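Q: Quick one: the structure is below, questions incoming.
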Amino acid sequence: MGEERELVGARLDAGLRAARFSSPPSADEFAADVEPKNVPAVFRDVAKGWAASSRWDPLHGGLDYLLEKVGPDVAVEAMMSNTGHVFYGDLRSHERVSVSFSTFIQSCKSYLNHMNAASDSSKEQGMLGEPACSRETCSNSSENLEQVYLAQVSIMNAENKERCSLQVLEGDIQEPIFLRGKSFSSINFWMNKGHLRSSTHYDPHHNLLCVVSGCKKVTLWPPSASPFLYPLPVYGEASNHSSISMEEPDYSTYTRARYMEEYSETVILNCGDVVFIPEGWYHQVDSDDLTIAVNFWWKSRIMTQMLEHMDAYYLRRILSRLVDQEMSIMVQKSPFGHSKDRTDIQRMAKTLTGFQLFSLQKDSPLQTLEPSTLQALYELISLVHDGAEVASQNDKTEATSQNKSSNQRDETKTSAAADDSSLLDKDPVAKIILPVEPLELRSMLLAVVHTFPRTLESLVLNMLGPVGAEILTRKFDEMDQQTTKEEQVEFYKIFYSVFDDQYAAMDVLLNGKELFSFQIFQNVLDKYLRVHVDRPS
């Protein structure tokens, strides 16, 4: 893994990139400046001073030391993979098995001997051009423990001291100076024989991963990258693991996953290096041959202080904040604006005349509109006109509307394959009014009231979708911030005067906003919890 480079994804926020320390901070500095930020940090050579760094090294007699230290009769719980050298968190992909520690270490010794023999053979036969023993050959000659991983074997466990099968090794490691005073949930031993990959997952505790021997490549994602990693459903057995296959990602099913590398960062940990992985941060680890690591887990301050009777409130607040964030992203201004000039207005005037809706006159209120606003108005009128034509040709407007709603619900259920912009793309009115400045939209609506009020009525009652209702009412709020109270009262009086039933218009806007909120809520549940819900009838 020496040729690997540390990489940072192009879309990873600078404030979320792992900090690097050439020397460890004090406990006070870590508690004040590192841990509260909930951002990874890499500390070089922290574990090099441990006795384990020299005593456990497989390349320098460490396997014999571990055999003698632990003894021949200790059994440990290990993971056995059903998917080759990749260990996925899904319980269907691996099983927990009891393995004699001495048997595993003997298997590692056999693997090391084959590696050394392969290296010598390569040197001897290199000049002859003959192939040497490959990693696969070495692996296959090491009995049936190739896919066994000593993962999370307890050295110390605060909740269950009887599970500490490797407690005897605790004297070979040291508590890092910057973790002094922490109440550890557990300290664990990790060891693999051949090259190994662990699946992308997050932990519910703060984690300090320390490489004692060998090398690990750790790829990190912030919790905010969850939508790109498709975590397993929150109600499942392995809900902290990603659904994405690391070997063959299915981008046709998990469309957002094609961007996951752009939100990631990779760090390389050699012997003695450690990385702080905050709770909730996704990480995927590649371990080189015969790599040994120790990790420390402890509860974060926020989780320690979170009271159970407040959980329901926190849940609602967090979901509400995620929904607000998704809404803001959805309705932010489009980068594509209208750029029509006065020559386009003459063409629009002819079209409008052809619709028998309006003919531009010198004293027309439309003459005061900006060209881009007039273009937006033209597109809105075209939508209403086209909708009226369809209705007159085929009296299936209600069925079409129902089918459209049904399709939208079906597509929402499978939103794992949908882009975030899909709701906006399906709402032509929303796309048209989104780039229009609030005061320009105000002028446009007032002009429409005086020129073709029935078109405005049809637009709101028949054409306005959920996203359009949300954007329109947000524009109203922005208008209110830029006008006086008297101007606001006058505007809404004129706007609602075109409707035979003003309350029906208000219902359309409010129902549309609620439906939009629910669609965003569905997106949030899918992205962050992988849960799909239907709207209650």
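Q: Taking 31 Å as the cut-off for C-alpha to C-alpha distance, list the pairs among LYS216/LYS299; LYS217/LYS299; LYS182/LYS527; LYS431/LYS485; LYS217/LYS426 that go past it. Show your work: numbers first, answer last.
A: On the way: LYS216/LYS299 24 Å; LYS217/LYS299 24 Å; LYS182/LYS527 34 Å; LYS431/LYS485 29 Å; LYS217/LYS426 43 Å.
Over 31 Å Cα-Cα: LYS182/LYS527; LYS217/LYS426.
Q: Simple spin-label model, 7 Å along Cα-to-Cβ: ASN462 to SER100 in nm?
A: 8.3
Q: Would you mind putting 196-202, 181-187 in packing order, based on average other-beta-carbon counts within 10 Å, highest first?
A: Numbers: 196-202: 22.7, 181-187: 16.3.
In descending order of packing, they fall as 196-202, 181-187.
Q: Rounded to whole Å and sorted largest first, list the principal axis extents of the Cα atoms in segment 157-229.
A: 41, 32, 26
Q: What is segment 435-537's relative contact order, in percent, from Cα pairs under 8 angstrom and six or more apart in sequence? Mind showing how you got there, number by number?
A: Values: 61 pairs, mean separation 36.3, N = 103.
Across segment 435-537, relative contact order equals 35 percent.
Q: For segment 261-278, take each phi angle, set θ = phi - 60°, evaluate the Karplus expression 6.51 cos²θ - 1.76 cosθ + 1.60, and give the result in whole Hz per residue in order, putting x for glycine and proline.
A: With coefficients 6.51, -1.76 and 1.60, one gets 5, 6, 10, 10, 9, 10, 10, 9, 10, 9, 3, x, 7, 9, 10, 8, 10, x Hz.
Q: Continuing with this model, one more query. Ordered by packing density, taken as the mean number of other Cβ atoms within 10 Å over each peptide's residues, highest first, how do 217-224, 204-211, 160-167 rank? Don't jump to the answer; show the numbers that get you there.
A: Values: 217-224: 20.8, 204-211: 22.2, 160-167: 14.5.
Result, highest mean Cβ count within 10 Å first: 204-211, 217-224, 160-167.
Q: Taking segment 272-329 on its own, what percent of its Cα-Cα pair distances exceed 16 Å? Could you put the intermediate results ahead of the total?
A: Details: 1114 of 1653 pairs.
Here the long-distance tail beyond 16 Å is 67 percent of all Cα pairs in segment 272-329.
Q: Grab the Cα-Cα distance for GLU478 and ASN113, subtract it from 0.36 nm times how many residues apart they are, and report the gain in nm with one decimal.
A: Stretched fully, the GLU478-ASN113 segment lengthens by 124.1 nm.
Q: Step through the residues of segment 174-186 one at a time and calculate ³J(HN,Hα) from phi using the Karplus curve (6.51 cos²θ - 1.76 cosθ + 1.60, θ = phi - 60°), rounding each to whole Hz and writing x for Gly and Pro.
A: Going residue by residue, I get 10, 6, x, 4, 7, 9, 4, x, 6, 9, 6, 6, 6 Hz, with x marking Gly and Pro.
Q: Check which residues have an amide H placed less than 5 Å from VAL39's amide H, if you skip close sequence neighbours.
A: Here the answer is none, since no amide H 5 or more places off falls under 5 Å of that of VAL39.
Q: Can you pull the percent of Cα pairs in segment 440-537 with separation above 18 Å?
A: On the way: 2570 of 4753 pairs.
Result: 54 percent of Cα pairs exceed 18 Å.
Q: Just to be sure I follow: if Rg is taken over the C-alpha atoms of segment 205-264 and Rh is the Kirkwood radius over the same atoms, what is Rg/Rh?
A: Working: Rg = 13.5 Å, Rh = 13.3 Å.
Rounded to two decimals, Rg over Rh is 1.02.
Q: With the full set of protein chains in place, find how many percent of the accessible area of segment 180-249 is carbon and sulfur; take the probe as 1.4 Å. Kindly include the intermediate steps, with their values, before the conclusion.
A: Details: 1130 of 2260 Å².
Carbon plus sulfur share of accessible area: 50 percent.
Q: Here's a follow-up. Can you give me the Cα centroid spacing of segment 500-533 and segment 441-463 in angstrom?
A: Rounded to whole Å, the Cα centres lie 23 Å apart.
Q: By the gyration tensor of its Cα atoms, with a ≥ b ≥ c the square roots of the eigenvalues, what is the shape of segment 9-118: rounded for a/c under 1.5, prolate for a/b over b/c, or oblate? Can you show the working numbers first?
A: On the way: a/c = 2.20, a/b = 1.54, b/c = 1.43.
Prolate is the answer for segment 9-118, as a/c is 1.5 or above and a/b outweighs b/c.
Q: When only alpha-carbon atoms are used, what values of Rg and Dmax, in angstrom, describe segment 178-322?
A: Reported Rg and Dmax, both Å: 16.6, 48.
Q: Could you work out how far apart the two model spin labels at LEU315 and SER183 are, taking each label as a point 7 Å from the Cα in the direction of the beta carbon, and quote it in nm?
A: It is 2.5 nm.
Q: Suppose each label sits 7 Å from its Cα in the direction of the beta carbon; what would the GLU237-SER517 distance come out to in nanometres?
A: 3.9
Q: Also, quick follow-up: Would you mind checking which residues have amide H under 5 Å from LEU464's amide H? H placed 1.01 Å from N; only 5 or more apart, or other chain.
A: It is none; the list stays empty.
Q: Tally Lys/Arg at +1 and Asp/Glu at -1 over every other residue whose Cβ is under 15 Å from the Cβ of PRO40; what's the total? Please report the intermediate quantities before stating the final value.
A: On the way: positive: ARG17, ARG20, LYS37, ARG44, LYS216, LYS217; negative: GLU6, ASP13, ASP33, GLU35, ASP203, GLU265, ASP273, GLU279.
Net local charge, PRO40 excluded: -2.
The values are calculated or read from the model by the stated rules, or taken from the named source; none is laboratory data. This is a predicted model, so every value here is computed, not measured. Glycine also receives a Cβ, built like all others from the backbone with ideal geometry; neighbour counts cover every protein chain displayed. Quick note on the areas: whole protein, heavy atoms, side chains included, nothing else; ligands and nucleic acids left out. Shrake-Rupley method; radii C 1.70, N 1.55, O 1.52, S 1.80 Å.
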